[in-house]
Amino acid sequence: RASHPILDDFDLIRVLGRGCMGKVFLVRETRTRRLHALKAIMKGRLTRRREALHARSERDILATLAAIRHPFLVRLRHSFQDEERLYLVLEHHGGGDIASELARLTKFDPERVQFYARELICGIQELHRIGIIYRDLKPENILIARDGHLVLTDFGLSKQFSPEDVYGGEGNGDGRTTDTFCGTAEYLAPEILRGERYGYAIDWWSLGAVLYEMAFGTVSS
């Protein structure tokens with residue numbers, strides 16, 4: 001049972017968030033009593049090929065990150081499915097997210113912004129090193145752990161290049177690009193808005209937009 005979990009292995013506590021594909025629940029694993037975030041994706045809503053590919057890609061990316069165990073990237077604990085849903089069991093971080101903190105405080109002091117910037121840079125660099133463009137960096141996807149450190153989550157829109165496409169370094173020296181229009185409007189790089197092909201650099205644009213919001217309490221225009 002431990003290696004092949006089912007839904008009955010978890011006690012539902014409350015809803016953490018909702019998306020177009022399903023919900024994220026706070027759950028407690030009955031065997032270990034550990035808290036997790038359970039992402040439930042409705043198969044019936046994966047009506048288009050692109051949506052199904054995103055769901056499969058997120059699972060594969062999370063499996064890759066689970067093997068790396070990077071401190072600033074969320075870890076997948078289990079994945080399973082039933083007739084109606086796909087389930088991703090993720091580590092739970094009890095400190096909320098950056099969006100909630102900004103709603104509470106409006107903006108952060110410079111020292112806090114610098115601290116967060118360093119951790120976000122480390123997380124993004126690791127994604128790029130292993131051939132992943134994040135594509136959806138925004139305050140809602142930046143979790144705060146109980147110890148105050150940041151953790152990136154939600155890789156449903158991320159792009160992972162195949163291993164033979166990645167030539168080492170930061171992963172972005174090979175010139176690989178893609179052209180899927182996706183992300184969140186306030187944090188989209190200009191090349192995406194123009195419908196051009198783009199690469200890893202779009203994540204750095206999004207980071208700049210997020211840091212601006214942290215520092216000034218408003219989205220850059």
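Consider region 94-151. How many of its residues are assigned to a loop (DSSP other than H, G, I, E, B), hydrophobic (A, V, I, L, M, F, W, C) and more than 21 Å from residue 68 (Cα to Cα)? Residues that pass the stated criteria total 1. Taking (1) farther than 21 Å from residue 21 by Cα; (2) among the acidic types (Asp, Glu); (3) at pLDDT 95 or above in turn, residue 140 satisfies each apart from (1). Looking only at residues of region 191-221 that are surrounded by 14 or more Cβ atoms within 10 Å (Cβ to Cβ) and among the hydroxyl-bearing types (Ser, Thr, Tyr), we find that the one that is farthest from residue 103 (Cα to Cα) is 198. Taken as a whole, the condition of being over 27 Å from residue 128 (Cβ atoms) and small (Gly, Ala, Ser) applies to residue 44.
Collect the residues in region 81-114 that are hydrophobic (A, V, I, L, M, F, W, C), in contact with a Leu (Cβ under 9 Å, 6 or more places away or on another chain) and at pLDDT 95 or above, keeping them in residue-number order. Quick ask: steps written out before the conclusion?
At the first step, the residues of region 81-114 found to be hydrophobic (A, V, I, L, M, F, W, C) are 86, 88-90, 98-99, 102-103, 105, 108, 113.
If we keep only those that are in contact with a Leu (Cβ under 9 Å, 6 or more places away or on another chain) as well, we get 86, 88-90, 98, 108, 113.
The answer is 88, 89, 90, 98, 108, 113.
Against the criterion of being small (Gly, Ala, Ser) and touching an Asp or Glu at 6+ places or on another chain (Cβ under 9 Å), residue 96 does not qualify.
Filtered by the rule that a residue be aliphatic (A, V, I, L, M) and modelled with pLDDT under 95, region 143-180 gives 157, 166. Within region 88-125, the set of residues being surrounded by 13 or more Cβ atoms within 10 Å (Cβ to Cβ) and basic (Lys, Arg) comprises 107, 112.
Go through the residues of region 49-60 one by one and say whether even a single one is crowded, with 19+ Cβ neighbours inside 10 Å and either part of a strand (DSSP E or B) or at pLDDT 95 or above (or both). For region 49-60, residues crowded, with 19+ Cβ neighbours inside 10 Å and either part of a strand (DSSP E or B) or at pLDDT 95 or above (or both): absent. Of all residues in region 1-44, exactly one satisfies the criterion of being part of a loop (DSSP other than H, G, I, E, B), more than 18 Å from the chain's Cα centre (by Cα) and crowded, with 16+ Cβ neighbours inside 10 Å, namely 5. Filtering region 105-128 to residues that are of a type in the set (Lys, Arg) and under 13 Å from residue 139 (Cα atoms) leaves only 107. Only a single criterion out of (1) part of a strand (DSSP E or B); (2) modelled with pLDDT of 95 or more is not satisfied by residue 65, namely (1).
The values are calculated or read from the model by the stated rules, or taken from the named source; none is laboratory data. Computed from a prediction, not measured in an experiment: that's the story for all the values here. Heads up, the Cβs are rebuilt from the backbone with ideal geometry, glycines too, and the neighbour counts pull from every protein chain shown.
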